[in-house]
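Any read-out appearing in this document is the output of simple, stated calculations on the displayed coordinates, not a laboratory observation. This is a predicted model, so every value here is computed, not measured. Cβ: placed from backbone, ideal geometry, glycine included. Neighbour counts: every protein chain shown.
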Amino acid sequence: MNSYIPPQSNDELISIVARRRNYLGLPEFDERVLDVMKQVDRADFAPRDAMENVYEDEPIKIGNNQTCSQPSMVAAMATFMDLRPGLRVLEIGTGSGYSAAVTAELISPGGHLFSMEIVTELHEFAVKNLQSPKYLQYHCDLLEGDGSEGLPEHAPYDRIYFTAGVGKYFDEQPLLKQLEIGGIFLYPEAFGSLFLLKKTPGGIKRSDMRGVGFVYLRGKNSGFD
Ligand code: SAH
């Protein structure tokens, strides 16, 4: 008989993630990222009715037609951004708060994360999830609102990343303005590429990784008609 048993623990999930090779062209994920993901239990960020699949390396539904990203994607994005203690980071698309927790831990001590969520219910869900004593120590501000043009009030940032995909009319400029020299801006298209932009004294250096799918960015600068 061929009865499939889904992974049963967060450690099992992270060992599945760790075995992936060439995910978005990465030979492997940063070890430090994987260690942090062992500490951030994905079950702490899943709605009750999604518990059955919580340790699968797949997106999970979090309500309002949104998803908690695939753990391999969270690991890849954190690896690409080279998140280190002390950095100031802006995340657009808090969702469940899962990727926020991974980022906040990676930039501790000394770092600061600002994370924006446009859907009130999800903002409240993330606030509740991150209120657990395990995550309370993070320097993390969760804000409700449209982050498609960033958050100029608290700029500049060392890293800016989107967890929702942009459309073809998306304007990078407001985000690049909020980035430090030496900083990285990482954002996906809804269907297509994940773009990695580095701001150097000589200009913007750009690379792209193909073949990603994300939920649609909303708001003023979503880039959709
Ligand atoms: N990082 C999240 C993934 C959430 S999916 C997690 O780990 O759970 C992307 C999220 O982006 C959704 O919650 C969606 O509501 C949010 N979003 C979409 N457009 C937005 C915008 N303009 N500003 C802020 N959040 C936005």
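Once you keep just the Cα pairs under 8 angstrom separated by 6 or more residues, what percentage relative contact order results for segment 39-186?
On the way: 255 pairs, mean separation 31.6, N = 148.
It rounds to 21 percent for segment 39-186.
Starting from the Cα gyration tensor of segment 17-58, take the square roots of the eigenvalues, sort them a ≥ b ≥ c, and report rounded, prolate or oblate (rounded when a/c is under 1.5, otherwise prolate if a/b is larger than b/c, else oblate).
Taking the square roots of the gyration eigenvalues as a ≥ b ≥ c, segment 17-58 is oblate.
Among the DSSP beta bridges whose two residues both lie in the chain, what percent are antiparallel, rounded to the nearest 5?
Working: 19 of 39 bridges.
Antiparallel bridges: around 50 percent, rounded to the nearest 5.
I need the peptides 64-71, 218-225 ranked by packing, meaning the mean over residues of other C-beta atoms within 10 angstrom, with the highest value on top.
Packing proxy ranking, top to bottom: 64-71, 218-225.
For segment 106-137 and segment 26-47, what is the centre-to-centre distance using only Cα atoms, to the nearest Å?
16 Å
Going Cα to Cα from K168, which lysines come in below 25 Å? Please leave out same-chain ones fewer than 8 positions away.
K177, K198, K199, K205, K220
Restricting to segment 128-204, compute how many DSSP beta bridges are antiparallel as a %, nearest 5.
Working: 7 of 12 bridges.
Around 60 percent antiparallel, to the nearest 5.
How much of the DSSP beta bridge set in segment 41-125 is antiparallel, as a percent to the nearest 5?
Close to 40 percent.
Determine the shape class of segment 1-97: with a ≥ b ≥ c the square roots of the Cα gyration tensor eigenvalues, call it rounded for a/c under 1.5, and otherwise prolate if a/b is greater than b/c, oblate otherwise.
oblate
Among I160, I204, I184, whose mean-square fluctuation peaks in a Gaussian network model of the chain (Cα, cutoff 10 Å)?
I204
Can you give the relative contact order of segment 123-200 as a percent, counting alpha carbon pairs under 8 Å and 6+ residues apart? Don't skip to the answer; put the middle values down first.
On the way: 92 pairs, mean separation 19.7, N = 78.
The normalised contact order for segment 123-200 reaches 25 percent.
Under 10 Å, Cα contacts only: if you run a Gaussian network model on the chain, which one of R42, R32, R20 comes out with the highest mean-square fluctuation?
With Cα springs under 10 Å in the chain, the top fluctuation among R42, R32, R20 is at R20.
Among H154, H112, H139, determine the one that fluctuates most according to a GNM of the chain built with springs between C-alpha atoms less than 10 Å apart.
Most flexible of the set in this elastic network: H154.
Going by the alpha-carbon gyration tensor, a ≥ b ≥ c the square roots of its eigenvalues, is segment 77-225 rounded (a/c under 1.5) or, if a/c is not under 1.5, prolate (a/b greater than b/c) versus oblate? Write out the running numbers ahead of the final one.
Numbers: a/c = 1.67, a/b = 1.20, b/c = 1.38.
Note, shape of segment 77-225 comes out oblate.
So, in Å, what gap is there between the alpha-carbon centers of segment 58-88 and segment 155-225?
15 Å
Taking the Cα atoms only, what angle lies between the long axis of helix 10-19 and the longest principal axis of the chain, rounded to 10 degrees?
Between helix and principal axis, roughly 60 degrees.
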